[in-house]
Amino acid sequence: MEISTPGRVCLFGEHQDYLGLPVLAMAISLQSKISGDYRSDSLVIINKPDIGETEKFNLNNIVYESSRDYLKSGLNICRRLGFRFSKGFECEIQSNIPIKAGTSSSSSILVGWIHFLSQIADNPKALDKNKIAKLAYEAEVIEFNSPGGMMDQYSTSLGGLIYLESNPKVVVKQLTKDLGAFVLGDSMEQKDTIGILSRCREDRLAIIKKIKEFNPDINFHTISLDQIESYNLNEDEQKLIQGTIKNRELLLRAFEEINKSEFDEKLFGGLLNEHHFVLRDVLKVSTPKIELMLKYALEAGAYGGKINGSGGGGCMFAYCPKNPEEVKEAIEKAGGKAYIVYSSSGTEIN
């Protein structure tokens, strides 16, 4: 049995989903694959040839060894749901998704892993993709009390282009627009995902708490820029909240454009640029190399682009439905590793 699951890019709503604000995300045509079969004992052996590692543990003695022990947490989550595993299994995980680079390589693998477990269990059951996403979120975020939203799990599980709200309840809209080609550029700069998420999340959550002390009924889905001035915020706090509101408004404009019958590719690219400016200038998650890659991509004819993922390194992408080959070459000249990508279907059994 083999399960394939895509990576993803966040088009709009970067650093917003864990605040309960909406996101627009797209699964991409880079994938992780999990294949495997039963063993006669109770060992689980997971071979990871891409990184030269093998993970082993016993079904009867699952102990977390880190706060990112997702394969074990995924198994525990499936067991709590009622899946039974009396025999071990040996698997191989392969992926062409950039690792630790903001394209949800770990979430892709975890979504695929839960899909795999649901089929290899003693009592296999077909789970719908929303359920797989929910279980993956529980295994990756809730189980370890980690900072992060639901975008990665829902985007890689469902596939395609999605609009996701996570507060006050989960609302997912699958969009049918074919946006065409993007070029993903890996800066190959390692990033501190947990550290950056904690900083961007905790700082803004503290400001939101401060505002709610003045007005408990404030709604960050609808609050406007002029309302911010009535709260006792210092200059830095004002900039952070203003940037958050601007990114929310950019997403809504992009969502409106995507749903038009006459889609304006250049306008969409410009909105991506504006989103990136907030991420760079307010949240300060870009790097000089990412900026160079974006500069070269735009000079080569891309309509827009942004840093992708938590930032501080990792990937960027450029929107270039007309000339992806030229943009790919430009990003490579800037020192990045480039991939032409398109929208992709979600997790599936091959």
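Our helix-only sum for the chain, with -39,500 (n - 2.57) per DSSP H run of n ≥ 4 divided by its residues, gives a mean residue ellipticity at 222 nm of -12000 deg cm²/dmol.
In square nanometres, what is one fourth of the surface area of the convex hull spanned by the alpha carbons of the chain?
Value for the chain: 17.8 nm².
Between ASN167 and ASP236, the simple spin-label model (points 7 angstrom out along Cα→Cβ) gives 2.2 nm.
Straight-line cross-link partners of LYS209 among the lysines, defined as a Cα under 17 Å from its Cα and at least 8 positions apart when in the same chain: LYS239. Tell me which lysines have Cα within less than 17 Å of LYS191's Cα, excluding those fewer than 8 residues away on the same chain? Cross-link targets: LYS100, LYS284, LYS289, LYS306, LYS337. Exposure proxy ranking for CYS91, CYS10, based on other Cβ atoms within 10 angstrom of each Cβ and starting from the fewest, stands as CYS91, CYS10. Let a ≥ b ≥ c be the square roots of the eigenvalues of the Cα gyration tensor of region 2-176; is it rounded (a/c under 1.5), or, if not, prolate (a/b larger than b/c) or oblate? Verdict is prolate for region 2-176.
Cross-link partners for LYS333 among the aspartates and glutamates, with Cα-Cα distance under 19 Å and sequence neighbours closer than 8 places in the same chain left out: ASP186, GLU189, GLU291, GLU299, GLU325.
Kindly provide the chymotrypsin sites (Phe, Trp or Tyr not before Pro) of region 1-110 that DSSP labels as loop, not H, G, I, E or B, and whose Cβ sees at most 15 other Cβ atoms within 10 Å.
Within region 1-110, the qualifying chymotrypsin sites (Phe, Trp or Tyr not before Pro) (loop, at most 15 other Cβ atoms within 10 Å) are TYR64.
Secondary structure note: in region 2-176, about 90% of the DSSP beta bridges are antiparallel. Placing a label point 7 Å from the Cα of ASP122 along the Cα-to-Cβ line, the residues of region 27-71 whose backbone N sits under 15 Å from it are 39-43, 59-61. Counted residue by residue at 0.36 nm each, then reduced by the alpha carbon distance between them, the extension gain from ASP203 to ASN61 reaches 47.3 nm.
Cβ crowding within 10 Å, taken as a proxy for footprinting-reagent exposure, orders HIS276, HIS15 from fewest neighbours to most as HIS276, HIS15.
Modelled this way, with points 7 Å down the Cα-to-C-beta line, the labels at LYS266 and GLN174 are 3.4 nm from one another. Seen against the Cα atoms of the chain and their longest principal axis, helix 193-214 is set at about 60 degrees. Structural descriptor for region 2-176: relative contact order 31 percent, calculated from alpha carbon pairs under 8 angstrom and at least 6 residues apart. Ordering ASP69, ASP203, ASP128 by the number of other Cβ atoms within 10 Å of each residue's own Cβ, fewest first, gives ASP128, ASP203, ASP69. Measuring nothing but how far apart in sequence close Cα pairs (under 8 Å, 6+ apart) lie, relative to its length, the chain scores a relative contact order of 25 percent. For the chain, the longest principal axis of the alpha carbon atoms and the long axis of helix 70-81 meet at an angle near 70°. Gain on full extension, evaluated as 0.36 nm per residue between LYS210 and GLU2 minus their Cα-Cα distance, stands at 70.0 nm.
The listed peptides 148-154, 42-48, ordered by packing as a protection proxy, come out as 148-154, 42-48 (highest mean of other Cβ atoms within 10 Å first).
Read-outs throughout are calculated quantities, based only on the coordinates presented, and are distinct from any laboratory measurement. Nothing here was measured: the structure is a model prediction, and the numbers come from that model. Virtual Cβ from ideal backbone geometry, glycine too; neighbours counted across all protein chains shown.
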